[in-house]
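The values are calculated or read from the model by the stated rules, or taken from the named source; none is laboratory data. Keep in mind it's a predicted model, so treat the numbers as computed, not measured. Positions of Cβ are generated from backbone atoms using ideal geometry, with glycine treated the same way; all protein chains shown enter the neighbour counts.
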Amino acid sequence: MQLDQTTRYQNEGLTEQQATRSLTALWNFNNNAEKVHLEEAPQRLQDLKDEEEATRLEDRKKNKNKRLKAGDYCELHYFTNKGLNEAKVTTLIAEPDALVMLPAADGVHSWVPAAAVKDPKAAPVTKDENLTWEEFNEAAPRIISFMKVHDWPDDRVSMHIQFWTALQAHRWRHAPDVLKQKALLLYQSQQ
């Protein structure tokens, strides 16, 4: 191919040496551009993975809110003081594009989106049956308020109020036997 290009350049008035230099420079330019592209590929791939992870985490937060707005049940944990504090901490990132430096397993540090980083000290979501009565009492009025704000049907809101009031009034709720109290929370979580 170079011979054909050289002949074409010679037909355009260039000497063989000028045509060869031009083709060599063009090849070097294209080759260097390809090298840069290949060298940047792993970083682009990592950036894409980081962006997808950040999007996935953001979607998870939005989906919890959407589920409740749509009339689907959401874990009571998110309405406890602890759950609300965790949500507040995750939204305190000053800039959505903020980056933090983290060490990898091989000791090399890399920049990752702050939204994709979960606090390793953060506790996992507490299942409804594992809530304490104090946490249950924090969450129940908040979730009822949220249901009303998001226009849940009145009969469904009333059903939750009646059910949770009945649990509070049940004789096991104030029994000295902790297992009986836990049984009520377990029963509540399965409804």
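Hey, could you check segment 146-157 for residues that are out of contact with any Gly (no Cβ under 8 Å at 6 or more places or on another chain) and surrounded by 12 or more Cβ atoms within 10 Å (Cβ to Cβ) and say which is modelled with the lowest pLDDT? Looking at the filtered set, the residue picked out is H150. Reported count of residues in segment 155-183, each being more than 19 Å from C74 (Cβ to Cβ) and under 33 Å from the mean Cα position of the chain (by Cα), is 1.
Residue under question is E86, and the condition is that it be among the charged types (D, E, K, R) and either surrounded by 15 or more Cβ atoms within 10 Å (Cβ to Cβ) or at pLDDT below 70 (or both); does it hold? First the steps, then the outcome.
On the way: among the charged types (D, E, K, R): yes; either surrounded by 15 or more Cβ atoms within 10 Å (Cβ to Cβ) or at pLDDT below 70 (or both): yes.
The answer is yes for E86.
Candidates E52, E34, E58: the one that is at pLDDT 80 or above and either within 30 Å of Y78 (Cα to Cα) or surrounded by 10 or more Cβ atoms within 10 Å (Cβ to Cβ) (or both) is E34.
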